């Protein structure tokens, strides 16, 4: 999806992006090919050329920060297909709801290396180093909850890009909390975890602090399912949001052949 994106350019919104797609300009390569033979829809579109060329170089450099700084938070989902190997799914458990007064008890982290957990009093201080190599953070409701807590606990925590799944899922018609959306989409948790929620997570931590090791094991398992279940939700977003944005499967299918045709025309004219 990222290579079909134009709204990271100043002055380009969804309507202008759709105008480009409708005109047959479906990718950055196609834009450059059209620009070389003066076939852009209007002279004003030529102003996009430097950014499009820089975007193509940023992909080669794997420079997600370039796009993270230019895409609105509501459009960061476009990064996933290109940068999925650099993604970190993150979920935290806390002693309460306020990052000013409450503390992180557990952090769950899912990356290409698998699942890792970080526990207060054991290894929470290892989280920044573990997440540092993953510039794309993915959460559910993290903009309101996880990220403020993490920034309070780790001032250096500032991922170049962040996808909060709550918002694109809502645009796709999947509203509500993470567990509610999972159930609706057929993602099933083990029976002994189905009634565990944020409040129960606080209680489990309290039990663990009173010496019940089994409570921590259950809390960690709950946190693990939170992050593991985000991955199929992210993949659903990556697959369905392009169509909602106006980029149809038919458009995607013909994009490559159109680029090659236009490039051939440009070569024959030179």
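The values are calculated or read from the model by the stated rules, or taken from the named source; none is laboratory data. Bear in mind that the values here come from a model prediction, so they are computed numbers and not experimental data. Positions of Cβ are generated from backbone atoms using ideal geometry, with glycine treated the same way; all protein chains shown enter the neighbour counts.
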Quick check: anything in segment 202-210 at pLDDT 95 or above and either in a loop (DSSP other than H, G, I, E, B) or not assigned by TED's automatic domain parsing to the domain that holds residue 129 (or both)?
yes
Listed residues 181, 92; which is under 14 Å from residue 224 (Cα atoms), under 20 Å from the mean Cα position of the chain (by Cα) and not in a loop (DSSP other than H, G, I, E, B)?
92
Residue check for residue 143: in a helix (DSSP H, G or I) and either more than 22 Å from residue 95 (Cα to Cα) or touching a strand residue (DSSP E or B) at 6+ places or on another chain (Cβ under 7 Å) (or both):
no
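Quick grid of which residues meet (1) closer than 11 Å to residue 162 by Cα; (2) assigned by TED's automatic domain parsing to the domain that holds residue 170:
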| position | (1), (2) |
| --- | --- |
| 33 | no, no |
| 37 | no, no |
| 47 | no, no |
| 63 | no, no |
| 68 | yes, no |
| 72 | yes, no |
| 91 | no, yes |
Return a yes/no flag: does segment 176-192 have any residue that is over 24 Å from residue 138 (Cα atoms) and modelled with pLDDT under 95.
yes
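Okay, residues lined up against (1) free of Cβ contacts under 8 Å to residues at least 12 places away in the same chain; (2) part of a helix (DSSP H, G or I):
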site	(1), (2)
15	yes, yes
25	no, no
39	no, no
48	no, yes
74	no, yes
May I ask you to list the residues in segment 50-63 that are farther than 14 Å from residue 5 by Cα and assigned to a helix (DSSP H, G or I)?
50, 57, 60, 61
If we ask which residues in segment 98-119 are touching a residue at least 12 places away in the same chain (Cβ under 8 Å) and either within 24 Å of the chain's Cα centre (by Cα) or in a strand (DSSP E or B) (or both), their number turns out to be 15
Scan segment 170-188 and tell me whether some residue there is touching a residue at least 40 places away in the same chain (Cβ under 8 Å), under 30 Å from residue 66 (Cα atoms) and surrounded by fewer than 19 Cβ atoms within 10 Å (Cβ to Cβ).
yes
